[in-house]
Structure formats: C-alpha cells, structure tokens
Ligand SMILES: Cc1cc2nc3c(=O)[nH]c(=O)nc-3n(C[C@H](O)[C@H](O)[C@H](O)COP(=O)(O)OP(=O)(O)OC[C@H]3O[C@@H](n4cnc5c(N)ncnc54)[C@H](O)[C@@H]3O)c2cc1C
C-alpha cells in the first residue's frame, strides 16, 4: 500500500528512491500544475518523481483569488472555448472530484442602469450558465430587484445600484487543494520530495535523461534518472530554461496580482460582489469570517519568491471597491495583504498582461523518450 502522508519519514524514503530508481517521469515544481501532472501520470501507472524546491504550493498556487471559475470576463473577449472548458472542470470539481474542498459561492453583479445593462449582463450570464452543458451542480443565475439588494447587500450604494444579477462560481483553499492533489498522487505511487531543488539537467546526447537535484536540508546532490523530465516551474520557467541552456518555444510574462483581506464586519452583504473595472474585474469574495478583495494585474520583473503588494496596489483595490460601497472601506480595516505572480504565456510582444492568454502551453524544446501508457 502506498503512503500519502508526505511526512519526514516519507521524505527520507523519497530521497533514497530519487537516488536509486529509474523514473518514467520527473516533474520539476510542486505547484498545482506539477502536482496535477504527477497525479495524471501516476494514476496511469507511470513511475513518477516530483521535486519542489520550497514547499508544495509555496509559489503562485497559494496566492490566487481561490476561485474555481469559468472566467466570466473571458466571455467579453469571446474566448468561449476557454470558458466552456473551465466551466466543465468547475462542475466536475464541485460535484464529484473534490466536493469536500470546492464549494459554490454566489456573486452579485451590481447594475447601475435599469434596462440596457440588465439585458446585456443578463444575456452574458445566461450564456455563462448554458456553456457549462447539462450538468447542474451550481444554481442558475437570478435577477434581483433594487429592493432585494437593499436587504441582502446593504453595503452596496443604494443611490447608484438599481438591482443586481446573482450568479454562482466556486471557491477553494488553493494551497490545501494543491496539497490534496500531491497527496493523491503520492497515494498512486508518485515519489514527492520538497526542499529539493533541480539544478541541472542530465543529457545523453541531445536527450534529457534526468536531472541533478539538491536536497536543500543536507546540501547533498542527487542524480535522478528519468525517461521524461517535465518542467512545471511557473514564473521560474524562463530562469530555468536559461540556466539549463534550453531554447523554449514560449516566454513567461509575470503579472502581479494583489489582494487585501478584511474582516466580515467591513462589508455587509450575503454574497460576493464582482465589479467591472476599466482594465479587468474586481472580486469581493466571502472567505469564512473574512473578505478577500482583489485583484490587480500589473507586469512584474522583480523577486519571484516574495512578491509584495505595494501601497499603490492596495490603494487601487480600495478605490475600486469604494466605487460601490457605503460605508467606504478604509486602509485601517485591512487585516492582511498578499500578492502572487501569474505565469502567463507571453504570446505578443508588448501585450498588456490583462490581455495575455490564460490558456496553458505544452512545449517540447528537446527530444523526449516516448512512453507507452504503462511505461
Ligand atoms: C493574483 C492571482 C489570482 C489568481 N486567481 C486564480 C483563481 O481564482 N483561480 C484559478 O484557477 N487560478 C487563479 N490564478 C492562477 C493560478 O494561481 C496559477 O495558474 C497557478 O497557481 C500556477 O501554478 P503553477 O504550478 O504553474 O506555478 P507555481 O504554483 O508557482 O509552481 C511552480 C513551482 O515550481 C517550483 N520551482 C521553481 N524552480 C524550481 C527548481 N529549480 N526546482 C524545484 N522546484 C522549482 C516553485 O517553488 C513553485 O512551487 C491566479 C493567479 C494569481 C497570481
């Protein structure tokens, strides 16, 4: 029976296995992409190793808006394929894959005008509901009157808001979800070691046949043999490509997103709120006895490991939220702030990060050994 504990004893065993076994797949990076790849490969019967140089979900995967959503704003960019795929996955997560972690969350889309905006937004939300197909894990959207809004969201400014449309998405503790996927991969036999950094690739001619990794606790170097090495290093990808002398087929643009955390008492509303901004959207998200409010979307070039929310980020979030809130929120209400870096595929020179694709990319910059389904 495989162990999914990921405890110190398991780490010692994992380090031994990294040094002595030959793997079908070695994955670099223990964010949600890496652990997802590990689970996918291990559950198909492949022998998998994953190394993460910090901790599981220590990078972007613990710093998101924590929403499992179809991406309502991508509908406005006519990206129906992306929205449909995301909605399908959302339904699966809420209904069968992780209903213990992924929970429905209602959002109010406040309306400033009685007819035209209601028709336009209502049509968009109807499309959003239709695109998920025939599964119905989450309720259908609902039109709410000005009177109803005054009772369920008294913090929304009555002088500006003429009603709202309530729709549903889902939310999850992103780090906990990533850890749950890592543990499930370990349960399927994946060898997972944190505080282990990939430093170099091992080559046989042109082919990559593994990597040299360092146990950051002991300083010991280990050579890992693998038929295929998959890099899931998020915003560290460009840095690693360069270090490993790989010419990738894409670049990663870093886009910083900040959030502020407020006490529940700061905003009186029974549901979350989504606001359109001039560049993107702002979410006011219920989070147990708190609110998470964000996010920003700005190009970033500094330290990847510890991105911080600046005064400007926080002011932007407060100003956007205060467009519709009464009483206004104040910097003194803030309990905490956090920032993360979106690893976006840089698909056009000079494109603003709000317009960059949220699609994933699979790149094969060096020849790989072909694996059959069972290795
Ligand atoms: C502000 C913000 C809000 C977001 N909101 C949402 C949302 O609501 N819903 C949603 O679905 N998505 C959201 N996202 C996107 C989502 O969070 C990311 O797409 C996802 O977390 C990226 O995961 P990843 O595994 O690719 O990267 P990461 O989580 O960054 O993982 C990469 C890992 O690689 C490791 N690594 C780097 N170099 C090495 C090395 N040499 N050796 C070993 N390991 C290494 C790093 O330590 C890191 O843990 C948001 C992102 C941001 C920034």
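Bear in mind these aren't lab numbers, they're just calculated from the coordinates by the rules spelled out. Here the structure is a predicted model, which is why all the values come from computation and not from measurement. Please note: Cβ atoms are built from the backbone with ideal geometry, for glycine as well, and neighbour counts cover all protein chains shown.
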### Message
Over 10 Å intervals from 0, what percent of Cα-Cα pairs in region 233-306 sits in each interval?
### Response
16, 33, 25, 17, 7, 1
### Query
Beyond 24 Å, what percent of the Cα pairs of region 261-350 remain?
24 percent
### Message
Using only the Cα atoms of region 1-121, what semi-axes does the equivalent ellipsoid have when each is the square root of 5 times a gyration tensor eigenvalue? Give whole Å, largest first.
### Response
40, 15, 14
### Query
Under the Kirkwood approximation applied to all pairs of distinct alpha-carbon atoms, what is the hydrodynamic radius of region 47-103 in Å?
13.5 Å
### Message
Between residue 40 and residue 328, what is 0.36 nm times their sequence separation minus the Cα-Cα distance? Round to one decimal in nm.
### Response
99.1 nm
#### Entry: Value of relative contact order over region 165-217, rounded to a whole percent, pairs C-alpha under 8 Å and six or more apart
25 percent
### Query
So what's the projected area for region 125-207, the Cα convex hull averaged over all directions, in nm²?
12.2 nm²
### Gain on full stretching of the segment that runs from residue 126 to residue 55 - 0.36 nm per residue minus C-alpha separation
21.5 nm
### Message
How long are the semi-axes of the equivalent ellipsoid of region 139-275, defined as square roots of 5 times the Cα gyration tensor eigenvalues? Whole Å, largest first.
### Response
49, 18, 15
#### Entry: Radius ratio Rg over Rh of the chain, counting only Cα atoms, Kirkwood formula for Rh
1.00
### Task
Give, in nm to one decimal, the length gained when the segment between residue 152 and residue 335 is fully stretched (0.36 nm per residue of separation minus the Cα-Cα distance).
63.5 nm
### Query
By the gyration tensor of its Cα atoms, with a ≥ b ≥ c the square roots of the eigenvalues, what is the shape of region 1-53: rounded for a/c under 1.5, prolate for a/b over b/c, or oblate?
rounded
### Summary
The simple spin-label model distance between residue 270 and residue 135, using points 7 Å out along Cα→Cβ, in nm, is 2.8 nm
### Task
Mind telling me which of 225, 280, 237 comes out most flexible in a GNM of the chain, alpha-carbon contacts under 10 Å?
280
### Query
Given Cα pairs under 8 Å that are at least 6 residues apart, what percent is the relative contact order of region 104-172?
55 percent
### Task
Assuming R0 = 22 Å, can you tell me the calculated FRET efficiency for the pair residue 366 and residue 200, based on Cβ-Cβ distance, to the nearest 0.05?
0.95
### Message
Can you sort 235, 366 from fewest to most other Cβ atoms within 10 Å of each residue's own Cβ?
### Response
366, 235
### Message
What does DSSP give for the chain in terms of the percent of beta bridges that are antiparallel, rounded to the nearest 5?
### Response
75 percent
### the chain, relative contact order [Cα under 8 Å, separation at least 6], %
22 percent
